[in-house]
Each structure stands twice: as C-alpha cells, then as structure tokens.
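This report concerns only the one structure given below.
The values are calculated or read from the model by the stated rules, or taken from the named source; none is laboratory data. Nothing here was measured: the structure is a model prediction, and the numbers come from that model. Here the Cβ is made from the backbone with ideal geometry for all residues, glycine too, and neighbour counts use every protein chain on show. Note: accessible area is taken over every heavy atom of the protein model, side chains too, but ligands, DNA and RNA are not part of it. Shrake-Rupley method; radii C 1.70, N 1.55, O 1.52, S 1.80 Å.
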Amino acid sequence: MTRPLETRLSPLSRLAGPIRRQWSPGHTTVAIVLAALAIGLLPFVHMGLVVNGVFLGAIIALGAVGLTLIYGILHFANFAHGDYMTMGAYVALFLTASFFPWLGVTSDGFGPFTFGFTLLIALPVAAIVVIAGAILLDRFVYRRLRDRGVSDLFMSMSSMGVAIALRGLVQMIWGGDIETYPRESKQVFHLPMDVRIPPDAIFIALMAVALVVTVYLVLTRTRIGKAMRATADNPELALVSGIGTRGVTWWTWGIGAALAATAGVLLAVFQGQLLPIMGWKFLIPVFSAVILGGIGNPYGALAAAFAIGVTSEVSTQWMNPSYKPAVAFAMMIAVLLIRPKGLFTMAGSGR
Amino acid sequence: MALLEVSAVVSGYGQTEILHGVSLTIDDGEIVTIIGPNGCGKSTLMKTVAGLVNVWDGTVNFRGKDISSTPPEQIARTGLCFVPQTRNVFPTLSIRENLEMGAFLRKDDFTWRIEEMYRFFPDLALDPGRRAGSLSGGQRQMLAIARALMLDPTLILLDEPFAGLAPAMVYLVLDRVLEINRSGVSVLLVEQNARQALSVSNRGYVLVSGENRLEDKGSALLDNPEVSRLYLGG
C-alpha cells in the first residue's frame, strides 16, 4: 500500500447500526436437560461406577479429540485410529518389558502406581514412534490418494485397510496373547460412599487433563493451531490466505497420533492388559463420542467422551458389562435422532 | 506494464470448460469491474486468477511474473489477495483470529495492522472475540475484505461483495472499497447487478459464456443501451 488507509468513517456507516448478539437456546437447553437427568439419577447409581466412568471417559476423550480433529481437517473418518492406540501401547510394552530391562533398567511399580517409572519414559517415546508412523502413512498412503482426488469414502475405506495391516503387524511381532506391563499390586484408595480408586486411575486422569489442556492451548493460542481450525472451517479460504496444506496436515496427524498413542498406553494400564484387538474395539466408544459431540468439534468430543464413559460404566449396574459398547452406540443413535448434527454443534457456525 | 494481465485463459472444473480464452488487464491503481449474466464464468475467472482453479491454457501475469501454475498459497505471498463471494470468513474463528489468519504469511508483528482494520471497519472492533459465523452479511463482508487486506496486497479481487447486502450496507462497503483503492490498492470487482460498481470503475468488461464480449470505460458501459438492457436489468 502506497499510503496509509484513511480510517475516518463516512457518514454512511452509521446506517449500518451496531452489532447485536444473537442468542441461541440450542446447547444451553440441552446442557440443562442433561444435567437435570444426571442429578436426578444420581441417588440410584453406584458412585464407584460414576468415578470409573470418568476415568474411562478421559481415555475416550484422548482418542476422540484426535479423531475429530483428523475428521475436521482431513475430511475422512480414520478407522485406523484405534490401531494407532494399539501401536502406542505395544511400543511402550516393548520399551518397558524388553528394551529397558535389556539395558539393565527395571522398575515394577513406583510410588502408589502399579507400573514402573520406565513407563513414564516409554510414553513419550511411544507417542513419537506413532507420530512418525502416522506421518509416514500419510505420505505413502493418504497423500497419494488425495493427489488422485479420491473421495472421502475411499479414504475411510483405505484407513480400514491400514487398521487391519497395523493390527496384523502387532500380532506378527508380539503374538495374539494377552500381555501386561511389568507391574506389582498396589493399595487401592478408599473414599466415602464405597468408592474405590485404583491409584493408576489418578495418573490416567492427570495425563488426560494435561494433554487436553495442551491441545486446547495449541488450537486457541498458537499460529499453527489457529491455522488448523481455519483449514477445518474453510480449506479454500485457508489456501488463499497463504496457509499451506502440508504443514497443517502434518500437525493434525502429529497431534492425533500423539493423543492416540497416549490413550493406548493409558487404556492398557486401565485394563491391566494389552491385546492386539484392544484399539479396534475401543473405536466404538471413541467414534460415538466424536459423533455425539458433533463431528469435527473437539470441545463437543471432549464432553461427549465423558458422557459416554460414565453412561456405559453406570449401565453395568443393571446390564451385563459386555453390553457397554451397545450403550455407547444407543446413545449415539438417540442423539442423532434428536439433534442430527450432534449435541454440541453451535448455532451460526455457518456449516 | 499492466499490473495483472490475463491473456487467452482457458480453465474449468473436471471435464467442463468454463472459460474459453478470456483476456483482461488491470493497471496500477485502477478499479476494474467484470459484469455478465449468471454462469458466465465471472467467479471461475476470479478463482483461476487466485490459483484455486487450474489454468488449462493461456497465461496469468501478475507484476510481470507468470503465476498461472503457482499454487494459491504462494499467490497470496505475491500481493494478490482474493475475497470469495460466499464462505469468505472462517466461521468458528473469532473476528480477531480471522484477521490473524489473513496475516498468516506475515513475519513481522502485525498488531498495528489489525488495529488499523478495526479503525477502518469500526463494526469489527465492537467485539473482536465474536465468532465470525454469527456476523450479519455486511459485517461478514467487511471482515472478509479486512482479512484480505492484512497482507498489504497490491491487488484485491472482490467476488460480488455487494450481493445480498441491504442497500445501506452496499453504500458502506462501496465507500470502503473506494477508500482502499485511494490508498493505492488496485481492485478487480465482479458484479452481477453492477450499476454502483461500474459507476466507480475506471474500466469494465462484459463477460458472456466464458468469453469477452465488451470492454470499455465504466461510465461508457453504463451509457451503453445494450449493456444496460441485457446485463444491468434495464
């Protein structure tokens, strides 16, 4: 620009009038109804199940936030997400059960936790391995498909292929038997109302909170995070604003994969075992949370994850625990019937 | 030398050819308006220049450099900024974040530029944390233009900036566009109902079925009875 803009307003501008906020009853009403329902049911529910559900919800949240980001930005449902979790869990298993003992470092449980401190080192390493794997898979599978203009549906189908391949890889290396991290039994915390909290659950909750807060800060405070949200909102406008697709794609996979790897390790700790199928099975509550929260909306996925975690745990008070995934699915279907765009879709988002 | 020189450009989507050899030029400091009936390829021409649609044949020269095969995110860097007709803001981002994204390529501290935009479009300053998706049509258009101005462009492409706006808003946005032009930015406008746009333009082009039909001074096009009857609604 050759001279600064004249910022004095023309008299015409007064005609436009001030900005007024629009109020939408949508999610406030939904939140109040849900809260009332939850409080009303509380006296009939075993508190221990609720607490357990919160911990389960924290793990679901880690998977769902990453999955919803990938959907929002790359526009396909990544069916391999659960197997990224499995990968993370097994890489951590290799480190804690084989690699560190080979180095002569062993630890069977430190502090109040059942797992050793080596798991704390293994966790970030597993995340890095899974991030690298996700970016390589994007480079050699998804990017090739994108460049050929393949539809989103085919992208999802190919991710299912990736899922099967990853699970096969895990089975090839570690076999199909149940594995566990090196561990020792520890005292369970007893709280009033017959609530028992395994100490590991506190670790799970802290990790989940720390990661979700980090992702929130990345998305709202950093340049790349805002660029990711901008690309999710409007890819063409992002391009003409000079936001390159490649950087955003890599960061999306990076964040999604790191969250998935952590969720995998935490799930293995929570369940006390590893199985090659663990991540694939965990996809059901994760996908339910993504859809319940409004596809592509990380805040919605977060809230929905806890709703699903608590509901499916509490359901075991009256139902056989093997119906837990069915409860998650039933919630998803019910919400899709009432609010097809998910519980937490904002009014006026322009979509 | 012309600032932007589009010569014999052929482009389209998939297998469908929309532009069959369109040419136009814009000189430094000009306002140029393209008018034409619905579906004549006006928006496609804009997207082609901005790099969103591939050039099949012909050349697009901007400041003496051929940008016909440059990807859109690189074109923004050269000082050519595009405001699409619809979907021209990031709806879930706040007003301020939209402006920050407009400045994505800036390496310097651009806070002053945001402040300048708030003064230029005071509506945007009322509640900078507000989500762009909840803005009215006019405010959204202002934000879209402000976003494009964040990079200090030499040429700004506006695709139907007045479409769907209340009459008072049309004059307000038009006033701002003129002021942007006065500050030294060349403006390429596309309009369907283009009386106001033509009246302030140095030159205008009439585009029909993906081909040039007419080119003249803005005022001359307005006075042309045939143009008036066919493309300006009588």
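Of all residues in the range B:170-192, those that are among the β-branched types (Val, Ile, Thr) and either touching a Cys at 6+ places or on another chain (Cβ under 7 Å) or not in a helix (DSSP H, G or I) (or both) total 3. Checking B:Leu214 against (1) in a helix (DSSP H, G or I); (2) more than 16 Å from the chain's Cα centre (by Cα); (3) of a type outside the set (Asp, Glu); (4) surrounded by fewer than 24 Cβ atoms within 10 Å (Cβ to Cβ): exactly one of these is not met. Which one? Status for B:Leu214: all satisfied but (1). When the helices (runs of 4 or more DSSP H) confined to the range A:25-98 are screened for residues that are open to solvent by 30 Å² or more (accessible area, probe 1.4 Å), at negative phi and out of contact with any Leu (no Cβ under 9 Å at 6 or more places or on another chain), those reaching at least 3 such residues are found at A:26-41, A:47-74. Within the range A:208-225, does at least one residue satisfy the condition of being open to solvent by less than 70 Å² (accessible area, probe 1.4 Å), in contact with an Asp or Glu (Cβ under 9 Å, 6 or more places away or on another chain) and closer than 23 Å to A:Ala61 by Cα? Within the range A:208-225, one or more residues are open to solvent by less than 70 Å² (accessible area, probe 1.4 Å), in contact with an Asp or Glu (Cβ under 9 Å, 6 or more places away or on another chain) and closer than 23 Å to A:Ala61 by Cα. The set of residues in the range B:129-156 that are within 8 Å of chain A (Cβ to nearest Cβ) and open to solvent by 40 Å² or more (accessible area, probe 1.4 Å) comprises B:Arg131, B:Ser136, B:Asp152. Scan the range B:162-211 residue by residue and report those that are surrounded by fewer than 17 Cβ atoms within 10 Å (Cβ to Cβ), within 14 Å of B:Cys40 (Cβ to Cβ) and of a type in the set (Asp, Glu). Result: B:Glu211, single match. In the set (1) within 25 Å of A:Gly296 (Cβ to Cβ); (2) open to solvent by 40 Å² or more (accessible area, probe 1.4 Å), the condition left unmet by B:Leu126 is number (1).
Screening the range B:49-135 for helices (runs of 4 or more DSSP H) wholly inside it with 1 or more residues that are in contact (Cβ under 8 Å) with a residue 40 or more places away in the chain returns the ranges B:95-102, B:111-120.
State all residues of the range B:31-59 that are within 14 Å of chain A (Cβ to nearest Cβ) and of a type in the set (Ser, Thr, Tyr); if no residue qualifies, say none.
If we filter the range B:31-59 for residues that are within 14 Å of chain A (Cβ to nearest Cβ), which is where we start, we get B:43-44, B:46-54.
Hits for the range B:31-59 are B:Ser43, B:Thr44, B:Thr48.
Being touching a Pro at 6+ places or on another chain (Cβ under 8 Å) and either at the interface with chain A (Cβ under 9 Å from one of its Cβ atoms) or buried (at least 23 other Cβ atoms within 10 Å of the Cβ) (or both) is the filter here; which residues of the range B:60-81 pass it?
Kept after step one, since they are touching a Pro at 6+ places or on another chain (Cβ under 8 Å), are these residues of the range B:60-81: B:79-81.
Scanning the range B:60-81 gives B:Leu80, B:Cys81.
Of all the criteria given as (1) open to solvent by 10 Å² or more (accessible area, probe 1.4 Å); (2) in contact with a helix residue (DSSP H, G or I) (Cβ under 9 Å, 6 or more places away or on another chain), the one not satisfied by A:Trp102 is (2). Just one residue in the set A:Asp138, A:Asp200, A:Asp177 is under 26 Å from A:Leu120 (Cα atoms), of a type in the set (D, E, K, R) and within 20 Å of the chain's Cα centre (by Cα); that residue is A:Asp200. Of the residues making up the range A:101-159, those that are of a type in the set (Gly, Ala, Ser) and at pLDDT 90 or above number 9.
Kindly indicate whether A:Phe282 is in contact (Cβ under 8 Å) with a residue 40 or more places away in the chain and more than 24 Å from A:Ile197 (Cα to Cα). So that I can check it myself, show each step before the final result.
Values: in contact (Cβ under 8 Å) with a residue 40 or more places away in the chain: yes; more than 24 Å from A:Ile197 (Cα to Cα): no.
Against the criterion (in contact (Cβ under 8 Å) with a residue 40 or more places away in the chain and more than 24 Å from A:Ile197 (Cα to Cα)), A:Phe282 does not qualify.
Is it true that some residue in the range A:227-245 is open to solvent by 40 Å² or more (accessible area, probe 1.4 Å), in contact with a helix residue (DSSP H, G or I) (Cβ under 8 Å, 6 or more places away or on another chain), on the phi < 0 side of the Ramachandran plot and among the polar types (S, T, N, Q)? The answer is yes; a qualifying residue exists. Condition check for B:Leu189 on (1) touching a helix residue (DSSP H, G or I) at 6+ places or on another chain (Cβ under 8 Å); (2) within 30 Å of A:Val248 (Cβ to Cβ); (3) more than 10 Å from chain A (Cβ to nearest Cβ): one failure, at (2). Filtered by the rule that a residue be open to solvent by 40 Å² or more (accessible area, probe 1.4 Å), closer than 30 Å to A:Phe110 by Cβ, out of contact with any strand residue (DSSP E or B) (no Cβ under 9 Å at 6 or more places or on another chain) and of a type outside the set (A, V, I, L, M), the range A:120-175 gives a lone residue, A:Pro124.
Is it the case, given these coordinates, that A:Ile224 is within 11 Å of chain B (Cβ to nearest Cβ), among the β-branched types (Val, Ile, Thr) and without any contact (Cβ under 8 Å) to a residue 24 or more places away in the chain? In short, no.
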